[in-house]
Amino acid sequence: MDVVDQAQRLAEQDLERALNKNKANFVGQDVDFNHCLECGIEIPKARRDAIHSCKHCVDCQERLERQAKHYRKP
Ligand SMILES: [Zn+2]
């Protein structure tokens, strides 16, 4: 693989990540979304089935819950 190929591949990965994140934000109103609204990764079907209208992956959900607790301090 030469340097140009490598650079192009990296650019494509960046673009794909950006698109995934955009898509996740774009479909935020849809009950059928299957990507995390925070990081854009795909949420496993098992998780989506277990938690109705789940919007975040496990990692982001835990982080958000920690933050929520933090901010709820009296
Ligand atoms: Zn996430």
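The values are calculated or read from the model by the stated rules, or taken from the named source; none is laboratory data. Just so it is clear, the structure is predicted and the values come from calculations on it, not from any experiment. Just so you know, the surface numbers come from the protein's heavy atoms only, side chains and all, with ligands and any DNA or RNA stripped out. Shrake-Rupley method; radii C 1.70, N 1.55, O 1.52, S 1.80 Å.
Structure notes:
- Residue by residue, segment 2-14 carries 3J(HN,Hα) couplings of 8, 5, 5, 4, 5, 4, 5, 5, 4, 4, 5, 5, 4 Hz when phi is fed to the Karplus relation 6.51 cos²θ - 1.76 cosθ + 1.60 (θ = phi - 60°); x denotes Gly or Pro.
- Distances between placed amide hydrogens fall under 5 Å for His35 paired with Ile43, all partners being 5 or more residues away or on another chain.
- Computed from backbone phi, the HN-Hα couplings of segment 40-52 come to x, 6, 6, 8, x, 4, 4, 5, 5, 5, 6, 10, 4 Hz, rounded to whole numbers (Karplus: 6.51 cos²θ - 1.76 cosθ + 1.60, θ = phi - 60°; Gly and Pro given as x).
- Area of Asp49 that stays accessible when all protein chains are in place (1.4 Å probe, Å², to 10): 100
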